[in-house]
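The values are calculated or read from the model by the stated rules, or taken from the named source; none is laboratory data. What you see is a predicted model, and the numbers here were worked out from it, not measured in a lab. Cβ placement follows ideal geometry from the backbone for every residue including glycine, while neighbour counts extend to all protein chains displayed. SASA here: full protein model, heavy atoms, side chains in, ligands and nucleic acids out. Shrake-Rupley method; radii C 1.70, N 1.55, O 1.52, S 1.80 Å.
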Amino acid sequence: MKLTIKNMEAVVSILTITNGLYTNSEEIIQILGKKFNYRILTDADLIEKTHHDHDIRLATLQKVLDSRPIAFNDFTHEKERCISALKKTLSDFVSEGNCIFHGALGHLIPKTITHVMRVLVIAEKNQRIKNAEDKKGLSKKEALKKIELSDKHAFLWTASLFNEKAWNKSLYDIVIPSDKIDTKEAVELISKYLNKLLFTHKDLIKQEALDFKLIADIELALDNIGQGLLVESHKGDVVVTIDKKVMLLTKFQQKIIQTTKTIPGVNSVETKIGQNYYKGNIIHNYEFETPLRILLVDDEKEFVQTLSERLKMRQFTNEIVYNGQAALNFTDEEDPEVILLDLKMPGIDGFEVLKTIKKTKPHIEVIILTGHGSKADKATCMDLGAFAYLQKPADIDLITQTMKKAYEKIEAQKE
Amino acid sequence: MKTRDDATAFFGQVTASTTHEIQNVLAIIKENAGLMEDILLMNPDNLPTLLENLKRCIGKTKEQAYRGVDLTSGLNAFAHTTDTFLAPVNVYEIIKNLIFLTKRFFLQKGIKLALTDCNCPPSIMTDPVLFQKILWMCLKCLTETMDLNTNIIITILTPDTGNKIEFRPDDPTLDNGSFNQRLSRSAKWDDLERTCKQINLTPRLITQTLPGISIGLDQKS
């Protein structure tokens, strides 16, 4: 869509439309797409393209959008990589222009991109339930359940990006209450707003798109060296803000500059210190070539959560589950290498878990950590193939030493 | 093969369950103390985060300390029930304490014990050890007859509403007839009857609504 003002040709070519579920937004978007000849790209389209271009699993990308936890993310940083890759996909489409991003992923477009109009389509919950009943044939209970789940994902997403609620007006240029105005009025309102929107010079829009692309490329490159980095670019002059705990600051800054300079389009790079920066330290530095993936299994939540935190401080990446069945499910879906396992748990006990793991995934080393054990229990566990048997409360150094030995065994078996 | 008598076995199982919990409490306190040490080593430059983390650890340690005190107090009260052969027993309090000490044991089998409130709990003069043993046997009898992962509801009926204790699995699908048949045929039922006889109490199978066991508190001579 081109608008002309005296001596200036301007373009407003990107719409992002976020909506609550069952707010009749699809109709509005289809009409807008036809009216302005815009391509409509949904979250699913963007995820599909990102999966294809960056070889990231679809399930992982969906997990990120739903704000579900990703196992071992402290080590793999898969979540951060997914977001960088999604931004790259978005930046490619923003460069092309003339599109409507329909969904939550439009929030990844930086606010510095001024030629994007951000729209929210929302309605009262009761109306949304009614829409679902009328148009999708759902029962009230089913509709409410789906709405609550969808809203939860939306809220978690914007909370993680902006620390704001999903329907907060400050995130949008215009809010369309689809329960108060019909589709025709909604389309007219958006079109009118588009016409009134302050627009910028064509060259500046082009530069904004280029800067966005550059930011996305830089973020992808920097994912390999660390997280908590905020990237800004203005005509190729890049500023990277270090906004997290860092141990060797100067070395880290040099690495950032070195990596960023290799990206085509970068004119200059400088680093800044963010407000969340502080000098970190670790208790003991275990140098793992490939960090261990550890699963902690214990029904005593307070204990295992504290242990988890202490292990992470010592660079032992870990995840927690609270019962035997969850442990077995986890090993089916994820890839732990070492399990720290309690014996006495409700439901499937530790003996059963140990037996099943050693039968189905014998490469996983299991360390028993129990408050209960007798000599007979120890003998049983060792016969079942446990790597070690420790009594609670065990010293943290003993636990980490045992894990290190398990790691050495695993590495030796790989060779 | 030599086996312990029932009372000893009962005391052993209750003590094992409680001490397991106490061990967990101490393990948590130890880990929190260690975490506080780690935090002091980790964050010398970031005072607000340091203070927040330490406050969190101290809160958890305090909570666990209180939990530990409750457990040892409960175990101490349990141990003192061996002091005399005849004492006034507050039925509600003794059941409440027994549930508190043994909930972990039953949770291992996916069973939660729920004691309904009682405004004026009855009190009886009896052998506290045997009385607790009877309560324990009722729970074990039910546990071994019903499906795991079902809860047990314990109701105390006051002298004007029946003067008894009822133990019922919280499962509306249970068939009264067949369940009670299984119960009465188990070896544990015979043991229960024998033990109740020692202190003049009567176990009965509940035949109305949900099945279960009731212990009448009218002590017949």
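Just a few scattered comments:
- Label zone of A:THR76 (point 7 Å out along Cα→Cβ, amide N under 13 Å): in region A:391-415 this covers no residue at all.
- Neighbour count of at most 11 Cβ within 10 Å plus DSSP loop: longest trypsin sites (Lys or Arg not before Pro)-free window in chain A: A:181-415
- Distant-in-sequence amide H partners of A:LYS272 (H built 1.01 Å from N, under 5 Å): A:VAL240, A:THR241, A:ILE242
- Measuring spread by the Cα atoms of region A:78-216 yields a radius of gyration and Dmax of 17.1, 52 Å.
- If R0 is 25 Å, the Cβ-Cβ spacing of A:LEU230 and A:GLU148 corresponds to a FRET efficiency of close to 0.15.
- Hydrodynamic radius (Kirkwood) for region A:1-157, which is based on Cα pairs only, to one decimal in Å: 17.1
- Accessible surface of chain B [probe 1.4 Å, protein heavy atoms]: carbon and sulfur percent: 56
- Chain-alone versus full-assembly comparison, region A:291-329, residues with accessible loss of at least 50 Å² (1.4 Å probe): A:GLU300, A:GLU302, A:PHE303, A:THR306, A:GLU309, A:ARG310, A:MET313
- Fraction of the pair-distance distribution of the protein assembly as shown above 50 Å, Cα-Cα pairs, percent: 33
- Distance between the 7 Å Cα→Cβ label points at B:GLN13 and B:ASN163: 3.0 nm.
- Reference-scaled alpha-carbon Rg (2.2 N^0.38 Å with N residues) for chain B: 1.25
- If R0 equals 25 Å, the separation of the Cβ atoms of A:THR112 and A:ILE181 corresponds to a calculated FRET efficiency of about 0.20.
- Taking Cα atoms only, the orientation of helix A:301-313 departs from the longest principal axis of chain A by about 80 degrees.
- With Cα atoms, 0 to 90° folded angle of helix B:47-80 axis to chain B main axis: 30
- Spatially, region A:331-374 and region B:127-174 are offset by 34 Å when compared through their Cα centroids.
- Look at the alpha carbon pairs under 8 Å that are at least 6 residues apart: their mean separation over the length of chain B gives a relative contact order of 16 percent.
- Spin-label pair B:LEU148-A:THR356: with each label point 7 Å from Cα along the Cα-Cβ axis, the two points sit 1.1 nm from one another.
- Prolate/oblate/rounded call for region B:88-209, Cα gyration tensor, a/c under 1.5 rounded: rounded
- Percentage, to the nearest whole number, of Cα pairs in region A:20-96 over 18 Å apart: 50
- In chain A, the longest principal axis of the Cα atoms and the axis of helix A:43-54 are about 60 degrees apart.
- Relative contact order [Cα under 8 Å, 6+ residues apart], region A:294-414, whole percent: 22
- In a simple Cβ point-charge model (Lys, Arg +1; Asp, Glu -1; nothing else charged), region A:294-414 has a dipole of about 400 debye relative to its Cα centre.
- Using a Förster distance of 56 Å, the FRET efficiency for A:LYS409-B:ASP191 (Cβ separation, nearest 0.05): 0.70
- Equivalent ellipsoid of region B:58-105: semi-axes from √(5λ) of the C-alpha gyration tensor, largest first, are 26, 11, 9 Å.
- Region A:310-409: GluC sites (Glu not before Pro) falling in loop per DSSP and having at most 13 other Cβ within 10 Å: A:GLU334
- Inter-label distance for A:ILE257 and A:ARG39, nm, one decimal - labels placed 7 Å from Cα along Cα-to-Cβ: 3.9
- All-pairs alpha carbon distance profile, region A:294-414, 10 Å steps from 0, percent: 14, 52, 33, 2
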